Structure formats: structure tokens, C-alpha cells
1. Which peptide among 320-327, 152-159, 261-268 comes first, and what is the full order, when sorted by highest mean count of other Cβ atoms within 10 Å?
2. From the cross-link list Lys84/Lys261; Lys58/Lys111; Lys300/Lys354, which pairs have alpha carbons spaced over 32 Å apart?
3. Going by how many other beta carbons lie within 10 Å of each one, how would you line up Tyr126, Tyr173, Tyr59, fewest first?
4. Collect residues whose amide H, placed 1.01 Å from N in the peptide plane, falls under 5 Å from the amide H of Phe118; neighbours closer than 5 in sequence don't count.
5. For each of Cys175, Cys122, Cys248, count neighbouring Cβ atoms within 10 Å of the residue's Cβ, then give the residues from fewest to most.
6. For Asn72 and Phe294, compute 0.36 nm times the residue count separating them, minus their Cα-Cα distance, and round to one decimal in nm.
7. Along the Cα→Cβ direction, 7 angstrom out, place labels at Ser388 and Asn256. What is the inter-label distance in nm?
8. Only counting other Cβ atoms within 10 Å, I'd like Lys58, Lys84, Lys360 sorted with the fewest neighbours first.
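Readers should treat all values here as calculations from the given coordinates under stated rules, not as data from a laboratory. As the structure is a computational prediction, the values presented were derived from the model and not from experiment. When we count neighbours, we look across all protein chains shown, and the Cβ atoms used for this are built from the backbone with ideal geometry, even at glycine.
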Amino acid sequence: MSRAAEVMKWIFVYLCLSQCAYARRILEEPKVHFLNPGDSVENNRPGLKTYCHNATSKYLTHIWRTMTMHLNINSDSFVLYDGKSPREILQKHDENEGSWSYSLFDTGRHKQLKVDPFENRCIGVYVDSVKESGYIMTLSETRINVWRLTMMIMGIIIFSAARILSQNSLFYYVCGIAFGVSLSIIILIYMAGKLVPRGKVMYLLFAASMSVYLAQALWENAQLIAVQYREWVMWYILVTSLISFVICYRFGPVTNARTKKIIQWFLQLVGLLLIYNSSHFREASLSCCIVLVFLYNLPKAMINRSRQYWRNVFPEKRKLLDEDEYRQEGIRETKKALKELQKYCASPECNSWKTVLRLKDPIRFAKFMEGESHLSEDEVDNHEEEISKIIEKAEFTDDEDFY
């Protein structure tokens, strides 16, 4: 009996020591990890773990630089905390305030958390269950984010072409059709809200949850929906686009000058917002906005003076014309001068009666003003004879030089 008690005692001591060792290993395990681009940390234990990234230096070449923390976890029973320091993460965890709230409909295993590369940022991951505590946190870097670069280019184009777009009827119809297709989704949500019990709170909660769910489901499964339900999607877009076009055609394009000006300002504001949000390097993106606004409002006289100064400092190299180029240049300049003459004679600045009195053949001048040729048939024939004589003389001279 005493031997059995001795064995039980040693078993009890072994269990206590193993638990103490396990607890010590948990306590000694680092709970804060500072990640660099390309680092990956695997976790298999429950509790709160914090993953931080220190801010990097700002250079102009990093204007489209982005970083992403990838959380690959098999479970949905976890809480994320966002902060600028591990202390803030711990404080939020104690207060149980999750800064990232995922939708109840989200069943994805791979989370992507955008991180500002120029700021200190920490992400806390809290997992309560031991069985579902396994996950991998990875920090990746994109030196030139194509989406960010596209945003800046689109912003510059929209800002520069805002005046033209605001007066373009095609742009009016395209925007009207796109707005109609998007608005139809809101109408469907409104009609679905009619099915729930009456009540403002209930309706708002349902509308909010449905809008988030539909937006997330469409965004994540857009390609799958387009492939499996291609005919339905095509018919939906076709019908809503046709209805939107009919409505836009019924009311017609915008004709009021002030309304066009408001549309122009709105488009320019959208362009500036795209440029500003195209980079985490806010100082650089804001500078781009300021330069763009300055160049847009720069007086034309100053631009012309700058061009003239540039031409004076860096003049273009003069190119000598050959015979064919000289003849083509003469024809082109003659047509240009004749058009300017017609324009001047048709303007109020020209005294038509005095001009007619000075002419030898007013009837010929009147025909010229109506669009006929400025040369008579005899003059054309004489000109062709002179040209043929010059060519024959040149060929005869070449033959003499040959012999």
C-alpha cells in the first residue's frame, strides 16, 4: 500500500512539474513580434499575440509603396485589434474593443490587412480556443502598387479633362447608365426591406447588414458569379442599362451652364481625391494635387512666355528644304494665306466698298469669296507651261554636264 502511495506521489509531482514547465514556456514565449517585409511567424498557442511593423523612411521612389499583413487562419473565432503600439493593443484587448469587425457572413480563411508603410502599426490577434489557435502571419511588400499608380493616373486624367467631360453628351449617358445599374441594387435592397416587420431600427439593421453582405459577396465572388450565371448577369446589365438610357434620353443632356460648371468642379474634386488617396506618402500626393491645381490655373500668357523663353534658350535646328518640300510648303502657305484673306474680307473690319473700288476685276473677286479658285484658266495654263519649260531646261543642263 505504501508503495502504491509512493508511486501516486511521484506521478503527482511529475504532473505538477510538467504543468509548471508548460506555463513557463508560455510565459517566456514572446508575445510581440516585429516583422520586416518577407517575414512569416507561425503560432500554435492561444492568447493574444501582437505583430508590429516599424515605420520606414519616406523617399519619393516609395510613393506607390504598400504593405500587407496576411493572416492565414483556419478558424473564424478570433478577434483582431489595431493600434500604433503593443501597449495600445493590450489596452484594447483589456477593454475588449475589436477594431476590425468582420461580417458574420465572412467565411474566408485568408485575411489581408493593409498596413501604412510610413507609420508604426501593430495588429493584435487573440485566439481563445487551443484547438483553433493555429495560424500564420506574413508581412509582404509591394514596391509599386499597380492599383495605386492607376488611381493617380486616372485622377490626373479626370482632373485635366473635367471641363471637356462635363460638356460631353456621351459622358452624360455613360455615367447615367452606370448610375442606373448601381442604383438598381439599392432598389432591390429597399424592396427586400419591405418584407421585414415595420420599424425603423429593424429596417436600418437589415439594410445595413444586407448591403454589407451583398457588397462583400459580389466583390469576393464576382468572377464565379459571372461564369456560372453569365446569362442572368448579361440580361440584368442589359435591362438596367436600357432603362437608364431611356430615362437619360427622356431628360436629355445637361444644358445649363452653371450645372455644367458644378459637374466640372465635382469631377475635378474626384480627381484630386483619387490622387491624394493613391499613396500612403501623403506629403507627396498632396504636392501632386497642389502642382496640378497650380498648372491648371496658370495664365496662358505665362505659359506662352515660358514656351517662347524655352525656344530662345534651346532653339530648334534649322532644316533646309529640298525642291519637293519647298514646292509643298509654297502650296500649303498659299492656301493658308488665301483662307486668311477670305476670312478678313468677310469680317466687319474690312470696308467692302473701298476694296471693290481698288480692284480691276470685282466679279472675279466675288467668285473667289464664294469659294472658286483665285486663278483663271489662262493663268493655270501659263503656270504649267512655265513649269514644263523649267523642267526641260533642267534636264537639258544635266545632259550637257553628263557629256
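1. So the order, starting with the most tightly packed, is 152-159, 261-268, 320-327.
2. Too far apart for the 32 Å limit: Lys84/Lys261; Lys300/Lys354.
3. Values: Tyr126 20, Tyr173 15, Tyr59 10.
Lowest to highest Cβ neighbour count: Tyr59, Tyr173, Tyr126.
4. Thr56
5. Working: Cys175 16, Cys122 23, Cys248 19.
The most exposed by this proxy come first: Cys175, Cys248, Cys122.
6. Numbers: separation 222, 0.36 × 222 = 79.92 nm, distance 4.62 nm.
Fully extending the segment from Asn72 to Phe294 adds 75.3 nm.
7. 7.0 nm
8. Details: Lys58 16, Lys84 13, Lys360 6.
Fewest to most other Cβ atoms nearby, the residues stand as Lys360, Lys84, Lys58.
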